[in-house]
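So the structure is just underneath, and the comments pick up after that.
The values are calculated or read from the model by the stated rules, or taken from the named source; none is laboratory data. Bear in mind the structure is a predicted one, so any value in this text is a computation, not a measurement. Note that we place each Cβ from the backbone using ideal geometry, even for glycine, and neighbour counts take in every protein chain shown. Only protein heavy atoms, including side chains, enter the accessible area calculation; ligands, DNA and RNA are left aside. Shrake-Rupley method; radii C 1.70, N 1.55, O 1.52, S 1.80 Å.
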Amino acid sequence: MQIILRLISLSSLFFININIKADSLEFNNFNNHGVIGLINMPSARFYDESSYGITIYGGEPDQKITLTSYPFNWLEASFFYTNIKDTPYCYQENDPVCDQDYKDKGFNLKLRLKEEGIFPAIAIGINDIAGTGYYSSEYIVASYGINKTDFHFGLGWGNLNGSKENFKNPLGSISDSFYERPVLEDDQGGQFQPSRYFSGVTASPFFGINHVLNEKVMMKLEYDTTVTPGKIDYEDAKYPLSLGLEYTLN
């Protein structure tokens, strides 16, 4: 939390010197999940209407292909298909189909609530909106650019609520029902569960920075709040900070 407060204080010093290309390929690209963001964390950035992209991610233990489109400049919609290694596809004995790794598909949505101006851009999103719950998560995130640096601050629920610095779900002050996150129907998949969205006893703050070093290279740093090991059985990280370098071929 101290790091977040320091970054907020630092960004406030530069409010009078704003000069970025916020929603552009020069400053933003897809993360591992096919959502414009950092490495795993999302941001409040969008591409222009009618833009689209394909993301191929090969990690451990999951691999994923995501198709992302922008029917409007305020809406990001994506469809993903994933393979999760060492997780059985089904549990029926003597069925060869069950011997393969688990396969899953789902949809992500992100909506722009506010464009950047004097104050940051703000977006709200839901991952795996009607899936089995393996990637089920919700977030609200703000992004603010200063020259060649973009700052991102957000709050995550569900699979993005894995921080040790989490705190009581602020939406619980609206209704106690936000403290309860249902899981009974997750494995059926393909069902909308509005009672699941933005729910849980706690929520986790996340943040990140991407900085353009030159026209080819961009650096990304994030505080990753993905739940580990979670249903996907991710390896526990020694540190919550992730650093990446992104190189543009053309």
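At-a-glance table
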| quantity | calculated |
| --- | --- |
| Normalised contact order of the chain, rounded percent, pairs of Cα under 8 Å and 6 or more residues apart | 16 percent |
| The chain - accessible surface per residue (Å², probe 1.4 Å) | 54 Å² |
| Separation in nanometres of the label points that stand 7 Å from Cα toward Cβ, at E49 and Y239 | 4.4 nm |
| Using alpha-carbon coordinates, inclination of helix 2-12 to the longest axis of the chain, degrees | 40 degrees |
| Region 30-167: Cα Rg divided by the 2.2 N^0.38 Å rule of thumb | 1.17 |
| At R0 = 41 Å, FRET efficiency that the Cβ-Cβ distance of K85 and K114 yields, to 0.05 | 0.55 |
| Nearest-20 debye value, region 112-250 charge dipole, Cβ charges on Lys, Arg, Asp, Glu | 340 debye |
| Gyration tensor (Cα) of region 153-250, equivalent ellipsoid semi-axes in angstrom | 31, 16, 14 |
| Under 19 Å, Cα to Cα: Lys pairs in the chain, sequence gap 8 or more or different chains | 19 |
| Ordering of 230-240, 114-124 by packing [mean C-beta count within 10 Å, highest first] | 114-124, 230-240 |
| For peptides 150-157, 100-107, sequence by mean Cβ density within 10 Å, most packed first | 150-157, 100-107 |
| Computed Rg/Rh of the chain, alpha carbon atoms with Kirkwood Rh | 0.97 |
| Whole-percent carbon and sulfur share, accessible surface of the chain, 1.4 Å | 59 percent |
